[in-house]
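Take a look at the structure below.
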Amino acid sequence: MVPEDAHREQGIPPRRNGFHYAEDGVDVTLIRWMLSLTPTERLQVLQQNIQSLRRLIDAIEFI
Amino acid sequence: MQSNSFDFLAILRALAKHEVEFIIVGGVSAVLQGAPVSTFDIDLVHLRDPENIHRLLAALGELDATFRGMGDRVLRPDPAHLSSSGHQLLMTRHGPLDLLGTIGTARGYEELLPHTMEIRIAEFTLRILDLETIIEIKEELGHDKDRASIPVLRRTLEEISRKSKGE
């Protein structure tokens, strides 16, 4: 099954750009991915996000 | 003062080790329930009785907690700060930690307790504020930054409900 079909089965309307958002613009795929993780894994995702952003900011070289 | 390491788990571990009674509220609580939101600090509402404040101070000492935004001054939280209903914005060796006496319409630990659930993380059990109440409080506050996250939180609640019904 292609992702488009899987999302259609789950009630998520397909969009022209291939991504799947609810009518309020929320990305439901991210929510479903987070819900598939354990609470400990969710906390790790948050920490990794923050650390990744900090590394990105630290790497900025103004020209 | 600036912490370069963000380790929410280490902060929670220190608090659990000292048997501090607290509720995780805000972004971290939402993340733990599956909401894909980001936050740079951990917000806790603590029980403001003398014994708990004593345990909390021991944990904060271990975490080397000081007030944020004080420039070169180093100010450490004391029992008077922690027994107030105000918000203590701290920096620890593992990242920012906000200790909130009350949130929303002056809701403290006891008022929030019926709206919490316990979850197991790593080797300890934590109490978190449920998503419904997080949304309610954000609506009460009505700040732009709070309102911005409400659609994601609402949609997460719906997804949890769908999942529990096996849809």
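The values are calculated or read from the model by the stated rules, or taken from the named source; none is laboratory data. Nothing here was measured: the structure is a model prediction, and the numbers come from that model. In this analysis, Cβ positions are derived from the backbone assuming ideal geometry, glycine residues included, and neighbour counts consider all displayed protein chains. Each accessible area value is taken on the protein alone, full model and side chains, heavy atoms only, with ligands, DNA and RNA left out. Shrake-Rupley method; radii C 1.70, N 1.55, O 1.52, S 1.80 Å.
Some observations on this one:
- Helix B:8-17 and the long axis of chain B differ in direction by around 70°, with both axes built from C-alpha atoms.
- Cα centre as origin, Lys/Arg/Asp/Glu Cβ charges: the protein assembly as shown dipole, Debye: 380
- Evaluated at q = 0.21 Å⁻¹: base-10 log I(q)/I(0), Debye formula over Cα of the range B:41-167: -1.35
- Between 0 and 90 degrees, the angle of helix B:50-62 with respect to the longest Cα principal axis of chain B falls at about 80 degrees.
- Applying both filters, DSSP loop and at most 15 other Cβ atoms within 10 Å, to the trypsin sites (Lys or Arg not before Pro) of the range B:12-65 eliminates every site.
- By the helix-only formula, in which each DSSP H run with n ≥ 4 contributes -39500 (n - 2.57) and the sum is divided by residues, chain B has a 222 nm mean residue ellipticity of -12500 deg cm²/dmol.
- Listed residues B:H87, B:H18, B:H54, B:H115 arranged by accessible area, highest first, probe 1.4 Å: B:H54, B:H87, B:H115, B:H18
- Helix axis angle, B:131-141 relative to chain B longest principal axis, alpha carbon, degrees: 70
- Restricting the calculation to alpha carbons of the protein assembly as shown gives Rg and Dmax of 19.1, 61 angstrom.
- Over all Cα atoms in the range B:120-160, the spread is summed up by Rg and Dmax: 12.4, 37 Å.
- Separation between Cα centres of the range B:73-103 and the range B:42-72, rounded to whole Å: 5
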